[in-house]
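Read the structure below first, then the notes.
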Amino acid sequence: MQIFEGDCLAILPTLEAASVDVIVTSPPYNIGLGYSAYDDRRGEAEYLDWMVQVATALRRVMKPDASFFLNISGSSNQPWLPFELIVRLRPLFVLQNHITWVKSIAVGDDTVGHFKPVAGSRFLHQAHEHLFHLTLDGRVKLHRLGVGVPYKDKSNIARRGHKQDKRCRGNTWFIPYDTIQRKAQKFDHPGTFPLDLPRWCIRLHGKPDAVVLDPFMGIGTTLVAAGSEGADGIGIEMDPAYVATARERLNNA
Ligand SMILES: C[S@@+](CC[C@H](N)C(=O)[O-])C[C@H]1O[C@@H](n2cnc3c(N)ncnc32)[C@H](O)[C@@H]1O
């Protein structure tokens with residue numbers, strides 16, 4: 001695993017062109033989260049221009065069949081942001097899949113996952129985020145069964161001539177956060193994703209010995225997932241405290 005401490009816009013140009021198989025990343029969402037070094041509230045135009053610059057630098061390091069999984073969410077006050085961003089990225093990538101990451105859901109009267117209350121009565125609570133799957137030409141073959149699910153109706157297996165009891169999971173991924181008792185268990189980082197999110201992206205890409213990059217590494221969730229999938233990882237993070245936590249997590253993993 002390789003970890004760089006610094007600004008991804010400065011570090012990405014030093015990486016070899018066409019050398020990365022999978023990018024999984026969650027940039028700051030520009031919604032005022034309390035990161036310790038990064039100011040998460042910039043003008044929207046400035047933020048979008050900056051993200052286009054980062055995406056352009058990422059494009060350069062992608063292999064022709066690479067997959068770029070971009071996790072982003074808006075907020076009640078800034079609902080257009082993910083859509084504005086993805087439209088700005090259209091000249092650079094093909095949007096091959098749009099996955100909805102469901103963090104909590106009600107099925108009938110049953111509820112699963114962590115419900116985050118929202119103040120006031122105008123907005124529904126935020127229970128999902130976007131996971132945009134971007135590729136260079138829209139023709140990247142995926143290992144869908146790598147994140148597949150067993151058939152509910154087993155008679156489908158023989159009737160449809162499937163080789164195994166697995167079907168595609170589809171493009172809604174239910175991945176709740178682990179239950180935590182104390183803030184310290186979040187490693188004092190305000191905006192991480194659960195381990196299964198990068199893990200499933202790496203499995204979906206499905207190539208052995210993949211090189212996995214996260215230019216907004218945070219506390220290293222993508223690199224921990226890469227390690228657990230036998231992949232190689234490159235992480236970039238500007239905040240020394242988060243870099244230290246990422247190194248510790250990798251050592252413990
Ligand atoms: C949403 S968090 C990523 C969290 C990560 N997915 C995890 O699970 O730990 C975004 C991270 O980007 C970092 N960051 C912001 N601007 C950066 C830049 N220009 N270069 C590198 N890292 C940056 C922030 O410090 C923050 O840790």
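Just subtract the alpha-carbon distance of ARG122 and ALA244 from 0.36 nm times their residue separation and send over the number in nm, one decimal. Don't skip to the end; give the middle numbers.
Working: separation 122, 0.36 × 122 = 43.92 nm, distance 4.00 nm.
Between ARG122 and ALA244, full extension yields 39.9 nm more.
Please report the Cα spread of the range 1-129 along all three principal axes, rounded to whole Å, starting with the longest.
Taking max minus min along each principal axis of the Cα atoms, the range 1-129 gives 51, 31, 31 Å.
Keeping every protein chain present and rolling a 1.4 Å probe, give me the accessible area per residue for the chain in Å². Walk me through the numbers before you get to the answer.
Values: 13490 Å² over 253 residues.
Value for the chain: 53 Å² per residue.
Once you keep just the Cα pairs under 8 angstrom separated by 6 or more residues, what percentage relative contact order results for the range 2-252? Could the numbers behind the result be given before it?
Details: 458 pairs, mean separation 63.0, N = 251.
Value for the range 2-252: 25 percent.
Among PHE83, PHE123, PHE132, which one shows the highest mean-square fluctuation when the chain is modelled as a Gaussian network with alpha-carbon springs under 10 Å?
In this elastic network of the chain, the residue with the biggest mean-square fluctuation among PHE83, PHE123, PHE132 is PHE123.
Using only DSSP helix segments of four residues or longer, with each worth -39500 (n - 2.57), what per-residue ellipticity at 222 nm results for the chain after dividing by its residue count and rounding to 500?
Numbers: 7 runs with 66 residues, N = 253.
Result for the chain: -7500 deg cm²/dmol, rounded to the nearest 500.
With every atom except the alpha carbons ignored, what do you get for Rg and Dmax of the range 2-252, in angstroms?
18.4, 56
Suppose every K and R has +1 on its Cβ and every D and E has -1 on its Cβ; what is the size of the dipole of the range 2-252 about the Cα centre, in Debye to the nearest 20?
1200
Just to be sure I understand the model, the point goes 7 Å from the Cα along the line to the Cβ. What's the resulting ILE105 to THR192 distance in nm?
A separation of 2.4 nm, rounded to one decimal place.
Where the accessible area of the range 2-252 is counted over protein heavy atoms with a 1.4 Å probe, how much of it, in %, is carbon and sulfur?
On the way: 6880 of 13300 Å².
Whole-percent figure for carbon plus sulfur exposure: 52.
The values are calculated or read from the model by the stated rules, or taken from the named source; none is laboratory data. These numbers were taken from a predicted model, which means no experiment stands behind them. Reconstructed Cβ throughout: ideal geometry from the backbone, glycine too, with neighbour counts over all protein chains shown. For accessibility, only protein heavy atoms count, side chains too; no ligands or nucleic acids. Shrake-Rupley method; radii C 1.70, N 1.55, O 1.52, S 1.80 Å.
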